[in-house]
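Written out below as structure tokens is the structure these notes cover.
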Amino acid sequence: MRYAICFTPSASDPLTLVAANWLGRNVYSGEMVEPPATRGLGIHEIAFHTAVPRRYGFNGTLKAPFRLAQNMSEAGLLRDLMRFSGTLSPFEIPRLEAARLGSAFGLVPSVPCQQMHFLAASVMQAFDHYRAPLTEAEIERSDPDGLSATQFANLHRWGHPHVMDEFRFHMMLTGTVNPADMARMEQVLRDFFEPALAEPVPVSNIALMMEEGTGGPFRVHSLHPMGKISARKIA
């Protein structure tokens, strides 16, 4: 079993519901959702291209999936995450947009969000001691020969190459897309998600994600509100 620390909107947020419709699975309930009927892309094409992000669920990763270290427990992780989230101030991402991420697509801030970058770095530093060391197989799956020197150092220090200065916040919407289909996919995604991206995205919770079994889908295990309880009550 693995855990991940992520951002995902609340269960009732319109963006959560639209993403569940697109990916074919609700990240909170784990329930499968019928793929949408979309002009320009067939149902079977959507199911194929969303297979990978469907497994991981709709989220922006702050700390990538990890196994608990031998002397750590889920109860301790929950306790510390609750305390940690209470020290943070909620903020907003002014705007998300569908964009190309190499050969795939995801939602990214239209302009860099320094608060999200700071949040990811803080999560990494606060919770890395919960992570079991990477196995040789896990290191090989990260393609170490294709990493830069900084990314290689991150992999061995933090368990993932794209952290700290290499971190770029994103919420995956597809797996690898054939170059010939990139323009078509981009237009479909923009049309599909545009209504849910008209408003700023509030970042007011941190989600603990949990893998169902070995290699199973991830779902939201618990949601941890940011900010002091007294301040949230006043608000």
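Within segment 21-45, the set of residues being among the β-branched types (Val, Ile, Thr) and either surrounded by 21 or more Cβ atoms within 10 Å (Cβ to Cβ) or closer than 21 Å to residue 208 by Cα (or both) comprises just one member, 27. The set of residues from segment 39-48 being closer than 16 Å to residue 18 by Cβ and either among the hydroxyl-bearing types (Ser, Thr, Tyr) or at pLDDT 90 or above (or both) comprises just one member, 46. The one condition from (1) in contact with a strand residue (DSSP E or B) (Cβ under 7 Å, 6 or more places away or on another chain); (2) closer than 27 Å to residue 31 by Cβ; (3) surrounded by fewer than 18 Cβ atoms within 10 Å (Cβ to Cβ) that residue 216 does not meet is (1). The combined condition, being polar (S, T, N, Q), touching a residue at least 24 places away in the same chain (Cβ under 8 Å) and closer than 17 Å to residue 217 by Cα, is fulfilled by residue 29. Scanning segment 46-72 for residues that are surrounded by fewer than 16 Cβ atoms within 10 Å (Cβ to Cβ) and under 16 Å from the mean Cα position of the chain (by Cα) returns 51, 52.
Taking the criterion of being of a type in the set (A, V, I, L, M) and loosely packed, with under 15 Cβ neighbours inside 10 Å, the only residue of segment 111-131 that qualifies is 111.
The strands (runs of 3 or more DSSP E) found entirely in segment 84-200 that carry 2 or more residues being modelled with pLDDT of 95 or more and in contact with a Ser or Thr (Cβ under 6 Å, 6 or more places away or on another chain) are 104-109.
On the given criteria, is residue 103 within 26 Å of residue 200 (Cβ to Cβ), of a type in the set (Ser, Thr, Tyr), surrounded by fewer than 20 Cβ atoms within 10 Å (Cβ to Cβ) and touching a residue at least 40 places away in the same chain (Cβ under 8 Å)? No. Determine whether residue 93 is in contact (Cβ under 8 Å) with a residue 24 or more places away in the chain, among the aliphatic types (A, V, I, L, M) and in contact with a strand residue (DSSP E or B) (Cβ under 6 Å, 6 or more places away or on another chain). Judged against the criteria, residue 93 is a match.
Here residue 30 clears all of (1) modelled with pLDDT under 95; (2) within 28 Å of residue 182 (Cα to Cα) except the condition numbered (2).
If you go through segment 70-79 and keep only what is touching a helix residue (DSSP H, G or I) at 6+ places or on another chain (Cβ under 7 Å) and not in a loop (DSSP other than H, G, I, E, B), you end up with just 77. The residue list 172, 210, 185 contains one member that is under 21 Å from residue 103 (Cβ atoms), of a type outside the set (Ser, Thr, Tyr) and out of contact with any helix residue (DSSP H, G or I) (no Cβ under 6 Å at 6 or more places or on another chain), which is 185.
Please verify whether residue 26 is closer than 21 Å to residue 142 by Cα and of a type outside the set (D, E, K, R), treating the condition exactly as stated. So residue 26 does not fit the description; no.
The values are calculated or read from the model by the stated rules, or taken from the named source; none is laboratory data. The structure displayed is predicted, hence computed values, not measured ones. FYI the Cβ positions are ideal-geometry reconstructions off the backbone, even for glycines, and counts take in every protein chain you see.
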